[in-house]
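Each value in this text was obtained by applying a stated rule to the coordinates, not by laboratory testing. What you see is a predicted model, and the numbers here were worked out from it, not measured in a lab. Using ideal geometry, Cβ is built from the backbone for each residue, glycine included, and neighbour counts are taken over all protein chains shown.
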Amino acid sequence: PGRMAPSAASSPTAVLLIVLDDIPRDMLSAYGASHGLTPNFQRFADECLVYDNAFTTSPLCTPSRYSLLTGRYASNATSIMARWPWRMVGFNAFLTGNEKTLAHHLTEAGYETGLFGKY
């Protein structure tokens, strides 16, 4: 994984957050896979900060993305399934528009933000 070494005269640090789900880490060369299926990710990882000890409190993709964006537990997400007797957060967790997200904080810090792919 890469190193962070900003200089005093450098421009603001660029932030690119890539989130992958449903892919085992042993398929990514950045995490030690030897079969080289992801050479571009490896080149990118060599230049960047790579997290190798991350976890989520939700095994489902959308609630875990909710947590990443808001910093809140997935159980705080609004979800249609939360109205069911099981009171659980399902794949359909969504932002209500009142939550302050990572994008809001980055925008307030002067960054331009964008989202590509799925929520």
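With the cut-off at under 13 Å, measuring from each backbone N in segment 47-79 to a point 7 Å along the Cα-to-Cβ line of Tyr111 picks out 49, 69-70. Phi angles across segment 64-74 convert, under the Karplus curve 6.51 cos²θ - 1.76 cosθ + 1.60 with θ = phi - 60°, into 3J(HN,Hα) values of 5, 5, 4, 4, 4, 6, 9, x, 10, 4, 4 Hz, Gly and Pro given as x. Couplings for segment 50-55, taken from phi via the Karplus curve 6.51 cos²θ - 1.76 cosθ + 1.60 with θ = phi - 60°, read 10, 8, 10, 9, 10, 8 Hz in order; Gly and Pro are left as x.
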